[in-house]
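Each reported figure results from applying straightforward, stated rules to the coordinates on display, with no laboratory input. Every value quoted in this text rests on a predicted model; they were computed, and no experiment measured them. No Cβ is skipped: glycine too gets one built from the backbone with ideal geometry, and neighbour counts run over all protein chains shown.
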Amino acid sequence: MEIFKKILLVACLLIPTLLLAEVVNINTADKESLMSAITGVGEKRAEAIIAYREQNGPFKSIEELVEVRGVSASIVEANMDNLSLEDQ
């Protein structure tokens, strides 16, 4: 019974977080938005995303983020639900 209570508590704490997760348009987001919405992206990676976007045009796919220096496939996969190519 104790394990069930712990699982229920964790579920209650995680569900609001998952439902309120910020979706960010990687083609228009500013540095602060990228940093807050993408786990694993700090100031340098956010700046690299913006620089890549300015040099190469808008991203054609979310997976194209791996072309940005410092952004790994694992970062993209972990944040896939928070990333978009258009405004929500």
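Key figures for this structure:
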| quantity | calculated |
| --- | --- |
| Within region 40-88, considering residues that are assigned to a helix (DSSP H, G or I) and in contact (Cβ under 8 Å) with a residue 60 or more places away in the chain, the one surrounded by the fewest Cβ atoms within 10 Å (Cβ to Cβ) | D81 |
| Selection count, region 47-85, where residues are over 14 Å from the mean Cα position of the chain (by Cα) and charged (D, E, K, R) | 6 |
| Counted residues, region 52-85 - those being hydrophobic (A, V, I, L, M, F, W, C) and touching a Lys or Arg at 6+ places or on another chain (Cβ under 9 Å) | 5 |
